[in-house]
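First the structure, in the form of structure tokens, and then the observations on it.
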Amino acid sequence: MLPLRSALLRHGSPRETNICSRCLVKSRTHPPQASRGFLTSTHRRTGILANQTTTPLHKTYFSPNRFYDGSNTKGGLLSSFASTNADSQPTSSNSQHPNDRSAIPSASSHTPSESITPGTTENELPHRRRRRLKEEASNNDQPEQSIPLDASAQLSNFSSALPNTSIRRKLAAFLALTKPRLSFLILLTTTSAYGMYPISSLLTLDPAIDPLPTLSTSTLTFIYLTTGTFLSCCSANTLNMMFEPKYDALMTRTRNRPLVRGLVSRRAALLFAIGTAATGLGLLYIGTNPTTTALSAANIALYAFVYTPLKRIHVVNTWVGAIVGGIPPLMGWIAAAGQTATTGHDTWRDMLFSEDSIGGWLLGGILFAWQFPHFNALSHLIRDDYKAAGYRMLCWVNPAQNARVALRYSVLMFPISIGLWWVGVVGQGFLVGSTLANGWLVREAYRFWQHQGAQGTARGLFWASIWQLPILLVGGLVTKKGLWDGVWRNIFGQPEEDEDDILYYEDDDELLADEDSQSQDPISQPSGRAGPSSTKKTSVLSTA
């Protein structure tokens, strides 16, 4: 007798290799003799000789799902056999021998392996679906291309190739401690904010009149700001490398740093960090103002003594690093504000929390939000290195949240950019350029979130962030509000102004004498100037 269906489906059954779909087909194409029932003679029932092998039984032969049995009809397996046999029914019952295998439809044409298309998920068991998805992910997820070496690694390689007694070897090694590309990017954000500080309306009336120090003529202050900021960055980056050389040696991206390779000793690195910090902060104090100097010192301490050890403790280190990146634009803004501040309005509270400081906070917000799509994409490319070194980063602790955070802060770029135009820092042209740049960043961040960093989306987001930030900063400088007013006046001519709107700049003695004469004899006034005009001049000059 045939075993029960449950016995056929049981794994390891001895009958699994002796029965296949041909027995079902043969029962319809070659009915058994009248004296023998269908369930008796094995040879007559199967139509296969004893020494012939058959295709192993698969449990999906008995499945009612037509996707498994290769049938597209409602009847399933038997219906497909019936339709096939009806078309291929021989005209004579004696035309072929019962044991002739050519009369039997090929079982391979009905095997599930050929009828099921890859990726079929209908009526699929959960554990098989998970295994299939895992295999597809491993096959489709191409290995990420390695990012190019940073400037520190390139300088370290250059330094190691020089003789030990060469001065260029030491200079290259110490320059590698500063992370030149990162320091240059921070310098760009600081100077951009300095240049975007609004120009006073008095300075736009006549280029020849310069009662207040302007941003275009204060070259010395600009040099103090750039030099002091760069040296402060050098100190912070050197301290960062000095605190974690044994962990940098575990990562492909950082194992070429000078302290890891022994190009610079720890003592020399410490002296270099102290020297650059003291020089940089001193230049900022002399050339800008104490508030800018305090922000720079706080940034060094936050990056070296808070962010660096926090990387091995909690994923909140990324947010702390974003704060570090947002402070330099605020430094540039306050340096420009302190340069044009009047007496009594240059305290740190006025510079940081007055209405005029909103533009600096918005520029710092752009840098704060930019850190997440940039760093989250970069960390995803080297997530295995971060995990091996023990750094708590979202890229491997929670990859899904890593992608969500990158997308969330990319979208935040839109309202911050609009805010710069709203407060009057930039013109309407900035809205067009920033919308295009931010749209590109959001598109790459969405693809990064959609594919979880696979299919090259992490690398695409990384390079989009590299180009998006300079577009915003340079675009803000080009479209600065009031910058092109003088150019338009020179091209189309300056319109004539009324006599009452002309500002007369005289010596203080003559102005005081004029006021005394008006107060003593209000009837006798000069014919060329009326009393209200003099009053207006005095009020304007006192405001200036």
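The values are calculated or read from the model by the stated rules, or taken from the named source; none is laboratory data. Owing to the predicted nature of the structure, the values given are computational and were not obtained by experimental measurement. No Cβ is skipped: glycine too gets one built from the backbone with ideal geometry, and neighbour counts run over all protein chains shown.
Observations
- Filtered residues of region 467-487 (kept if of a type in the set (A, V, I, L, M) and touching a Phe, Trp or Tyr at 6+ places or on another chain (Cβ under 7 Å)): L469
- Qualifying helices (runs of 4 or more DSSP H) (wholly inside region 238-341; at least 2 residues being closer than 30 Å to A161 by Cα): 245-248, 258-261, 266-287
- Listed conditions (1) under 17 Å from A193 (Cβ atoms); (2) at pLDDT 95 or above are all met by Q339, apart from (2).
- Scanning region 400-430 for residues being in a loop (DSSP other than H, G, I, E, B) and farther than 30 Å from L381 by Cα gives a total of 5.
- Residue within region 350-373 that is over 30 Å from T221 (Cβ atoms), out of contact with any strand residue (DSSP E or B) (no Cβ under 6 Å at 6 or more places or on another chain) and in contact (Cβ under 8 Å) with a residue 40 or more places away in the chain present: yes
Matching residues to (1) over 20 Å from N299 (Cα atoms); (2) at pLDDT below 90; (3) surrounded by fewer than 14 Cβ atoms within 10 Å (Cβ to Cβ); (4) not aliphatic (A, V, I, L, M):
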{"residue": "N140", "(1), (2), (3), (4)": "yes, yes, yes, yes"}
{"residue": "D150", "(1), (2), (3), (4)": "yes, yes, no, yes"}
{"residue": "K170", "(1), (2), (3), (4)": "yes, no, no, yes"}
{"residue": "P180", "(1), (2), (3), (4)": "no, no, no, yes"}
{"residue": "T190", "(1), (2), (3), (4)": "no, no, no, yes"}
{"residue": "P198", "(1), (2), (3), (4)": "yes, yes, no, yes"}
{"residue": "L215", "(1), (2), (3), (4)": "yes, yes, no, no"}
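- Given (1) over 14 Å from the mean Cα position of the chain (by Cα); (2) under 20 Å from P309 (Cα atoms), number of the condition F375 does not satisfy: (1)
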